[in-house]
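Here is the structure we will look at, set down as structure tokens.
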Ligand code: EPU
């Protein structure tokens with residue numbers, strides 16, 4: 001199985017202007033769910049464009065713990081083999097390391113009729129419950145018992161139902177999709193999440209023989225089938241990695257081409273970055289961007305897709321912390337997702353937290369400092385901010401960045417950023 005090297009520190013020095021081309025890899029948040037979906041049918045799967053990152057290794061370990069095999073082929077594709085019999089259990093050690101492990105709940109109930117999945121705990125975003133996953137699956141006939149820190153689920157055969165989500169949760173929509181494909185009759189998910197990763201999962205399931213319509217819209221209709229089969233699939237490009245490099249060029253200045261990135265998955269971000277003065281243009285196979293000498297202040301607020309992604313906000317806050325003027329940034333998706341702000345403040349950013357809003361007074365330059373990455377995007381945002389920080393920034397707990405980005409440091413260095421692992 002692929003392994004990523006855990007490191008604990010990154011050193012970043014003032015950089016820019018950046019220039020050149022960055023290859024954008026496959027979407028982490030799609031790849032992880034496609035791997036979970038391999039639980040649904042026996043056979044050999046080939047997943048292309050799966051990033052070689054720690055979270056993919058963790059999902060691989062989870063599948064292996066269930067009796068499946070996962071290996072990286074020489075051509076870079078990930079091969080997953082699902083035998084006839086698997087152990088339907090996601091142990092605490094893996095769920096605790098990566099919340100996306102709970103994506104196996106729906107496929108296990110659909111394919112095996114039972115699931116034992118550790119209850120995901122809190123994390124740096126706050127409590128992050130999975131109540132909508134459970135109540136949605138209950139509507140399809142599953143029953144749950146929560147004992148000794150485990151969710152014990154059962155379902156003889158799931159049956160289609162209409163599920164109305166209170167909120168368009170990405171994880172709940174995905175679990176319902178993966179459960180509904182093998183349920184008897186029709187499942188309708190109303191107020192479904194519309195993220196591109198949902199459409200990618202539906203495309204994968206349809207290749208397997210499922211009948212899913214409407215993924216990417218608020219209403220998804222799933223006509224259950226009796227059987228699915230293993231297939232090959234290519235993962236969509238990572239819109240958060242693309243946004244990270246757009247933020248990097250906005251902070252450091254210069255001109256970049258993001259090879260493979262899809263502008264149609266990044267519309268609001270591109271519009272907001274345009275207001276900051278970054279010129280961005282879609283190309284046949286990617287996105288071109290050119291930064292102004294200094295970005296301009298603008299207001300941003302996160303919302304479920306097609307709104308501005310919560311994963312983009314820390315990166316935009318890094319840009320706005322060096323922008324000309326005052327910006328307001330609002331986080332509407334995850335209540336507690338501002339822990340990186342204190343770290344940016346250590347670098348001289350003038351950011352005030354007011355409930356779920358930030359008031360950011362842009363400064364001309366930041367000042368390098370020791371800081372700590374509290375999660376994947378926070379870590380990436382600190383690296384981005386450090387490109388315009390005088391002196392040296394040491395990002396501690398940088399293994400978080402490796403959970404989400406393949407070759408982040410090499411890609412940054414290749415376009416002229418002064419970043420290294422000490
Ligand atoms: N929520 C509930 N109950 C539920 C499910 C969600 O209250 O049963 C709440 C959450 O607490 C949160 C909101 O609904 O406040 C949105 O959560 P959602 O379920 O949409 O997010 P997720 O599936 O847990 C995925 C990504 C996140 C990304 C969010 C939002 C994966 C593995 N994770 O999380 O990505 O921020 O969608 O787009 O797909 C990352 O990549 O670093 C990352 C955190």
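The values are calculated or read from the model by the stated rules, or taken from the named source; none is laboratory data. Fair warning: this is a prediction, and the values are worked out from it, not measured in the lab. When we count neighbours, we look across all protein chains shown, and the Cβ atoms used for this are built from the backbone with ideal geometry, even at glycine.
Some points to look at:
- Taken together, the residues in region 325-341 that are touching a helix residue (DSSP H, G or I) at 6+ places or on another chain (Cβ under 6 Å) and either more than 14 Å from the ligand (Cβ to nearest atom) or assigned to a helix (DSSP H, G or I) (or both) amount to 3.
- A single member of 260, 348 is under 19 Å from residue 364 (Cα atoms), touching a strand residue (DSSP E or B) at 6+ places or on another chain (Cβ under 7 Å) and more than 15 Å from the ligand (Cβ to nearest atom), and it is 348.
- The listed residue being touching a strand residue (DSSP E or B) at 6+ places or on another chain (Cβ under 9 Å), assigned to a helix (DSSP H, G or I) and more than 16 Å from the ligand (Cβ to nearest atom), out of 152, 93, 145: 93
- In region 326-338, the residues that are without any contact (Cβ under 8 Å) to a residue 12 or more places away in the chain never reach a residue that is surrounded by 15 or more Cβ atoms within 10 Å (Cβ to Cβ) with C-beta atoms less than 9 angstrom apart, at least six apart or across chains.
- Looking across region 298-324 at every residue that is in a loop (DSSP other than H, G, I, E, B), touching a residue at least 60 places away in the same chain (Cβ under 8 Å) and away from the ligand (no atom under 14 Å from the Cβ), the one that is farthest from residue 278 (Cα to Cα) is identified as 321.
- Total residues in region 342-355, condition surrounded by fewer than 22 Cβ atoms within 10 Å (Cβ to Cβ) and in contact with a helix residue (DSSP H, G or I) (Cβ under 8 Å, 6 or more places away or on another chain): 2
Table: residues versus (1) surrounded by fewer than 18 Cβ atoms within 10 Å (Cβ to Cβ); (2) over 23 Å from residue 239 (Cβ atoms).
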{"position": "50", "(1), (2)": "no, no"}
{"position": "53", "(1), (2)": "no, no"}
{"position": "68", "(1), (2)": "no, yes"}
{"position": "73", "(1), (2)": "yes, yes"}
{"position": "87", "(1), (2)": "yes, yes"}
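- In region 121-135, the residues that are closer than 21 Å to residue 93 by Cβ form Cβ pairs under 6 Å with partners that are near the ligand (Cβ under 6 Å from one of its atoms) and at pLDDT below 95, at six or more places apart or across chains, as follows: 125/334.
- Test: residue in region 36-43 that is farther than 17 Å from residue 201 by Cβ and not assigned by TED's automatic domain parsing to the domain that holds residue 401: yes
- Within the span defined as region 128-141, every residue fails to be within 12 Å of residue 99 (Cα to Cα), under 21 Å from the mean Cα position of the chain (by Cα), away from the ligand (no atom under 12 Å from the Cβ) and modelled with pLDDT under 95.
- Residue tally, condition more than 23 Å from the chain's Cα centre (by Cα) and surrounded by fewer than 24 Cβ atoms within 10 Å (Cβ to Cβ), over region 356-406: 14
- Which listed residue, of 370, 422, is more than 27 Å from residue 31 (Cα to Cα) and touching a residue at least 40 places away in the same chain (Cβ under 8 Å): 422
- Qualifying positions in region 162-198 - surrounded by fewer than 21 Cβ atoms within 10 Å (Cβ to Cβ), more than 13 Å from the ligand (Cβ to nearest atom) and in a loop (DSSP other than H, G, I, E, B): 185
- Checklist (1) farther than 20 Å from residue 131 by Cα; (2) modelled with pLDDT under 95; (3) touching a helix residue (DSSP H, G or I) at 6+ places or on another chain (Cβ under 8 Å) applied to residue 156, failing item: (3)
- Residues of region 396-422 satisfying the condition of being farther than 16 Å from residue 13 by Cα and in contact with a strand residue (DSSP E or B) (Cβ under 6 Å, 6 or more places away or on another chain): 397
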